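Okay, so here's the structure we're looking at.
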Amino acid sequence: MKDTNDWKQICSEYLANVDAALVNATVEEKQQILNDITIHLNERYHELSDEEQTWEHYQQILTDLGPVEDYAELLNEKSPDKKKFQKHRKAFWILLCAGIGCVSVLACSIGFFSHSAIKKARESKRPVVVKTFPAALDRTVDPDTTEITVTFDQPMMNFSWSWVGGGEHFPETTGQPRYDKERTTCTLPVKLKPGHWYWVGINSEKFVYFQTAKHIPAKPYAILFATADKNGNPTEIPIDYIEETKRVNSK
């Protein structure tokens, strides 16, 4: 039998936070959004396999939904999305009064709209990488380098990161990652070899723990580089990895 206690607690806390954030919403608007989120949470939970029913996967679902403040922004009087939400709501009551069996369809329509608008708002707030060391595509990195760093355009959540990669082309690590005082730069202690190329991912589609305190994940970025050989000459990097790096970093 599935143990859903942790999931129910997480959902309850998230919904309570949304309810508190919607302090300026009407009762009708608040109930619609809370119902929509509840339906979405239940759908996401039932998509999980038994092995995926873990705290990490539960948190990922909340990360995808985004910070509760975004729901309040959706209903802000100055927001262009406010009129769109009201238009959907008006259509809902017209159909309801007409006695047409379309209530569930309209609820889905409103749900799709609200999540679409929130997703768009979150996208504009996502942290982006502004600098890395080594720089992506550098082929003459000093093999005595002992740290890889990534700098974001805004403060990140402390003790949370996704340095992505593995195998012979992921650097040997020599310690735990750490943030600077501003939490905009994260450092990974490493040991490199001369004449070798490396791929280090900053987040990915699956791993998104480089994120803000509001659980907004950073856009994925790839640090592809190579160390100089023992004579100081550049090291070749496979062209397919170069193209993939350009694709990831151009998004």
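Throughout, read-outs are computed from the coordinates displayed, never taken from laboratory work. Because the structure is a prediction, the values reported are computed rather than measured. As a convention, Cβ positions derive from the backbone with ideal geometry for all residues, glycine included, and neighbour counts pool all protein chains shown.
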Quick calc, region 129-249, dipole around Cα centre from Cβ unit charges on Lys, Arg (+) and Asp, Glu (-), nearest 20 debye, gives 420 debye
Amide H neighbours of residue 226 at under 5 Å, excluding residues fewer than 5 places away on the same chain, with H built from the backbone geometry, are 138, 139, 140, 141, 198
Computed about the Cα centre, the charge dipole of region 187-251 from +1 Lys/Arg and -1 Asp/Glu charges at the Cβ has a magnitude in debye, to the nearest 20, of 320 debye
With bins of 5 Å, the percent of all Cα-Cα pairs of region 129-249 per bin from 0 is 2, 12, 22, 25, 19, 12, 6, 2, 0, 0
Assertion target for 41, 137, ordered by fewest C-beta neighbours within 10 angstrom first, is 137, 41
The exposure ranking of 29, 205, fewest beta-carbon neighbours within 10 Å first, is 205, 29
Residues meeting the amide H criterion for residue 148 (H placed from the backbone, H to H distance under 5 Å, 5 or more places apart or on another chain) are 188, 190
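Please work out the FRET efficiency for the pair residue 244 and residue 140, using the Cβ-Cβ distance as r and a Förster radius of 25 Å; give the result to the nearest 0.05.
Efficiency, from the Cβ-Cβ distance: 0.75.
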Of the listed pairs 191/214; 181/251; 206/246, those with alpha carbons more than 21 Å apart are 191/214; 181/251
As straight-line cross-link partners of residue 219, the qualifying aspartates and glutamates (C-alpha separation under 14 Å, not fewer than 8 residues apart within one chain) are 64, 123, 153, 205
Ordered by fewest other Cβ atoms within 10 Å, a rough proxy for footprinting exposure, 130, 23, 150, 200 read 23, 130, 200, 150
Of the candidates 241, 222, 203, the farthest towards the positive dipole end of region 120-251 (Lys/Arg Cβ +1, Asp/Glu Cβ -1, centred on the Cα centre) is 203
